[in-house]
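Input: a single structure, listed below in structure tokens.
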Amino acid sequence: MGIRNLLFAHRDVEGIDHIEVYEAHGGYTGLKRAIEIGPEATVNEIKVSGLRGRGGAGFPTWIKWSGVLSDKSGKPHYVLCNADEGEPGTFKDRELMLKLPHLVVEGIAIAGFATKSQKGYIYIRGEYVEPAWQIRKAIDQAYAKGYLGKNILGSGHDFDLYIHMGAGSYECGEESALMSSLMGERGQPRLKFPHAPLPTVEGVWQAPTLINNVESYCAASWILQHSGAEYASYGTEKSKGTKIMSVSGHIARPANYEVEMGTPLMELIEAAGGVVNGRLKAVIPGGSSVQIMTAAQCEKVTLDYEGCMAAGTLLGSGGCMVFNDTTDIVLLMRRTAEFYMHESCGKCTPCREGTRWIFKTLDRIVSGGGRPGDVELLLDICKQIDGRSYCGLGDAAAWPIVGAIKAFREEFDYWIEHKRSPVGAHCVPKLPEFSQQLLSLLPAR
């Protein structure tokens, strides 16, 4: 367990973003091997590896690939890469695209061959201008070498890869909203299975579509360059391989760290230099949408899907935010609630109205207007959102609040009773004009 650089093995090699250097370090041998063994065997290699989606859900990757490959509808197949990395605390995909763009491109090309798709799209977060340029250069170099385009490496398979830039919407990181945005429609979510077909059956342009995130495609490159069995030799029984964790907050060396699945959280914190300017108070392990853990919980949790679930949280996207004992949890939740209120697409009532009520209640508490019953009010609002929203963004807005109240109820009560921070914090940022306009639409409560 511990730090295990598989995807990051060549991260610091000078010039690794150039195709000749990447090839010299085993680059595109995974694509060559996929072509050699064929689509079905390639999908089986992903199955043997035990790879699960690294975007947060942890769904077995091979099932998606197999679903598109087995389609007999006669429709064209598409491959999408979700590079719309907008989860607060997560920045791993940014580094992969910046430093290892060919690892990303190769993984998508492998997926294109394995699913018999002829077109692929990388949907990149609008703010990621430099990573997009790196991917653009890598795509151009791959075309020049015959890894993309017509008759790839003499295989008879054609595959074209395009970049589509987002416009800064967090919602478009949700796969159905991403597909809508890619097709030129409003970036809002669609109905989900079982009320609508899966993307592997009917995705973009009503055709079978494979959607994975950047890290998942990079892992596919590594697996085909080496073997599924070797990848499965790392990690735990149910969580195979490695996970890139974006460590930030009150930590000595904030950065991306690739760890073997099952690594104790405290081992990662130690590898990142430990907590600075105080003692450990809390950790959010998987991005802002998952539940916060106390220091006592952190001592026991392991970084894998099952370990985090046992601790009452999720591994999520791997955005590991570390907080010392100077952190005011209520102020932290206020900031989190403001983000989700701002990013709600407004399509469904529970999320549109609920996120505003969560923020309004928290903002009133930290402004000195807390009242008895406010904690129960927050829990009730979250209950009305959770599981009732059109997509997971509503759940993502509710879970952090519920988790924070469960773990740090005394801080909420202190704010309500004493009208001040229990840790002496006093910085309540001025609300942006846009958020003020949203709140002005709510009745007084």
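Report, by residue number, each residue of the stretch 101-141 that is crowded, with 22+ Cβ neighbours inside 10 Å and of a type in the set (Lys, Arg). The answer is Arg125, and nothing else.
Among the residues of the stretch 21-40, those identified as within 16 Å of Trp65 (Cβ to Cβ), surrounded by 15 or more Cβ atoms within 10 Å (Cβ to Cβ) and not β-branched (Val, Ile, Thr) are Gly30, Leu31, Arg33, Ala34, Pro39. Residues in the stretch 319-330: is at least one in the same structural domain as Leu265 (by TED's automatic domain parsing), among the small types (Gly, Ala, Ser) and either surrounded by 22 or more Cβ atoms within 10 Å (Cβ to Cβ) or free of Cβ contacts under 8 Å to residues at least 24 places away in the same chain (or both)? Yes, the stretch 319-330 contains at least one residue that is in the same structural domain as Leu265 (by TED's automatic domain parsing), among the small types (Gly, Ala, Ser) and either surrounded by 22 or more Cβ atoms within 10 Å (Cβ to Cβ) or free of Cβ contacts under 8 Å to residues at least 24 places away in the same chain (or both).
To keep it simple, each residue is scored yes or no on (1) of a type in the set (Gly, Ala, Ser); (2) at pLDDT 95 or above.
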position	(1), (2)
Gly56	yes, no
Phe59	no, no
Ile63	no, no
Gly67	yes, no
His77	no, yes
Gly86	yes, no
Gly107	yes, yes
Thr115	no, yes
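Evaluation of Met333 against the conditions (1) closer than 29 Å to Glu215 by Cα; (2) in the same structural domain as Asp386 (by TED's automatic domain parsing); (3) touching a Ser or Thr at 6+ places or on another chain (Cβ under 8 Å); (4) surrounded by 21 or more Cβ atoms within 10 Å (Cβ to Cβ) shows that the sole unmet condition is (3). Condition first: assigned to a loop (DSSP other than H, G, I, E, B) and within 19 Å of Ser169 (Cβ to Cβ). Can you find one or more residues in the stretch 351-365 that meet it? No, the conditions are met nowhere in the stretch 351-365. The number of residues in the stretch 170-188 being part of a loop (DSSP other than H, G, I, E, B), at pLDDT 90 or above and under 14 Å from Pro199 (Cβ atoms) comes to 1.
Select from the stretch 380-412 the residues that are among the acidic types (Asp, Glu) and either in contact with a helix residue (DSSP H, G or I) (Cβ under 9 Å, 6 or more places away or on another chain) or closer than 26 Å to Lys281 by Cα (or both) and list them in ascending order. Residues satisfying the conditions are Asp386, Asp395, Glu410, Glu411.
Taking residues in the stretch 176-201 that are under 16 Å from Gly392 (Cβ atoms) and touching a residue at least 24 places away in the same chain (Cβ under 8 Å), and partners anywhere that are surrounded by fewer than 21 Cβ atoms within 10 Å (Cβ to Cβ) and of a type in the set (Lys, Arg), the pairs with Cβ atoms closer than 6 Å and at least 6 places apart or on different chains are Ser176/Arg190; Gln188/Lys347. Of all the residues in the stretch 204-239, those that are β-branched (Val, Ile, Thr), part of a helix (DSSP H, G or I) and over 21 Å from Lys92 (Cβ atoms) number 1. Contact map, the stretch 92-121: first residue closer than 30 Å to Pro285 by Cα, second residue part of a helix (DSSP H, G or I) and hydroxyl-bearing (Ser, Thr, Tyr), Cβ cut-off under 7 Å, separation 6 or more or different chains; pairs are His102/Tyr22; Leu103/Ser221; Val104/Tyr217; Glu106/Ser221; Gly107/Tyr217; Gly107/Ser221; Ile108/Tyr217; Ala111/Tyr217.
Looking across Gly392, Gly312, Gly369, Gly316, one residue alone is surrounded by fewer than 24 Cβ atoms within 10 Å (Cβ to Cβ), of a type in the set (Gly, Ala, Ser), at positive phi and not assigned by TED's automatic domain parsing to the domain that holds Glu175. It is Gly312. Among the numbered conditions (1) buried (at least 17 other Cβ atoms within 10 Å of the Cβ); (2) part of a helix (DSSP H, G or I); (3) touching a Ser or Thr at 6+ places or on another chain (Cβ under 8 Å), the only one that Cys345 does not meet is (2). Would it be correct to say that Val43 is free of Cβ contacts under 8 Å to residues at least 40 places away in the same chain, over 14 Å from Lys240 (Cβ atoms) and of a type in the set (A, V, I, L, M, F, W, C)? No.
Filtered by the rule that a residue be in a loop (DSSP other than H, G, I, E, B), closer than 22 Å to Gly55 by Cβ and either without any contact (Cβ under 8 Å) to a residue 24 or more places away in the chain or in contact with a strand residue (DSSP E or B) (Cβ under 8 Å, 6 or more places away or on another chain) (or both), the stretch 146-169 gives a lone residue, Gly166. Among the conditions (1) touching a helix residue (DSSP H, G or I) at 6+ places or on another chain (Cβ under 8 Å); (2) buried (at least 21 other Cβ atoms within 10 Å of the Cβ), Asp304 misses just one, which is (1).
The values are calculated or read from the model by the stated rules, or taken from the named source; none is laboratory data. Please read all numbers here as calculations on a predicted model, not as lab measurements. Positions of Cβ are generated from backbone atoms using ideal geometry, with glycine treated the same way; all protein chains shown enter the neighbour counts.
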